[in-house]
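Here is the structure we will look at, set down as structure tokens.
The values are calculated or read from the model by the stated rules, or taken from the named source; none is laboratory data. Small disclaimer: the values here were computed from a predicted structure and weren't measured. Ideal geometry is used to build each Cβ from the backbone, glycine not excepted, and the neighbour counts take in all protein chains shown.
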Amino acid sequence: MRVYIIVLTTLLCWISCHEEKVAKPRPHQYPKINFPIKNLSTLNPEGCPFSISIPDYAHIIKKQEVHDQKVIHPCWIDIKMPTFGATIHCSYYPIDQTNTYEALVEDAFTLASKHNVKASFREEYAIETIEGSKGLLFKIDGPVATPYQFYLSDENEHFFRGSLYFDQKIQLDSMAPIISYIQGDINEMVGSIRWK
């Protein structure tokens with residue numbers, strides 16, 4: 001019996017002296033992304049009273065329908081970015097008595113505000129182009145469908161609005177570098193819009 005106690009005590013001492021490996025949390029990492037080189041091409045969508053510069057990895061598709069209804073104006077376009085699975089949905093309105101500048105701006109704010117339920121934060125940045133067009137860029141943080149929205153107008157004749165959407169539900173932490181990259185392209189696109 002005494003031998004068992006000595007063996008058991010020795011075994012317990014040996015086990016308690018054994019060094020355990022403590023798990024360390026791994027640092028945050030993003031998947032490797034090969035960003036395309038930024039070359040901009042100026043396009044004049046057919047029949048539209050504006051030109052816009054878009055990156056070479058993107059292309060424009062003219063919308064025919066939205067939610068199974070014919071588009072309001074023939075210059076509603078999608079700027080597709082298949083490299084990132086993203087689309088900038090763009091709509092153009094001529095300013096007139098039906099679509100007043102004030103009503104269009106209010107509509108842009110209403111559409112941006114719809115994301116306030118899920119948004120953790122919203123920033124607004126004033127835009128002004130060399131030609132004097134003005135607008136706002138809405139940066140919306142949190143688990144929202146569209147992290148960027150913007151509008152640009154000469155306040156007399158032309159009003160252009162856009163929203164960035166991704167083709168699938170995004171995880172903000174892993175998409176942060178892509179969203180940041182696309183934000184730079186959106187800034188350049190908005191600044192390149194010229195009215196005819």
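Can you confirm whether the stretch 111-125 contains a residue that is β-branched (Val, Ile, Thr) and at pLDDT 85 or above?
Residues of the stretch 111-125 that are β-branched (Val, Ile, Thr), as a first pass: 117.
With at pLDDT 85 or above added as a condition, the list becomes none.
No, the stretch 111-125 contains no residue that is β-branched (Val, Ile, Thr) and at pLDDT 85 or above.
Quick check on the stretch 155-196: of everything there that is of a type in the set (Gly, Ala, Ser) and within 20 Å of residue 109 (Cβ to Cβ), which residue is surrounded by the most Cβ atoms within 10 Å (Cβ to Cβ)?
Pass one, the stretch 155-196, residues of a type in the set (Gly, Ala, Ser): 162-163, 174, 176, 180, 184, 191-192.
Of the ones still in play, those that are also within 20 Å of residue 109 (Cβ to Cβ) are 162-163.
Values: 162: 26, 163: 22.
So the residue we want is 162.
I need a count of the residues in the stretch 114-136 that are surrounded by 16 or more Cβ atoms within 10 Å (Cβ to Cβ), among the β-branched types (Val, Ile, Thr) and part of a loop (DSSP other than H, G, I, E, B).
1
Among the residues of the stretch 141-196, write down those that are under 11 Å from the mean Cα position of the chain (by Cα) and of a type in the set (Val, Ile, Thr).
Matches in the stretch 141-196: 144, 146, 170, 178, 179, 182, 186.
Yes or no, residue by residue, for (1) in a strand (DSSP E or B); (2) of a type outside the set (Val, Ile, Thr); (3) modelled with pLDDT of 90 or more; (4) surrounded by 14 or more Cβ atoms within 10 Å (Cβ to Cβ):
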residue	(1), (2), (3), (4)
45	no, yes, no, yes
53	yes, yes, yes, yes
99	no, yes, yes, yes
102	no, yes, yes, no
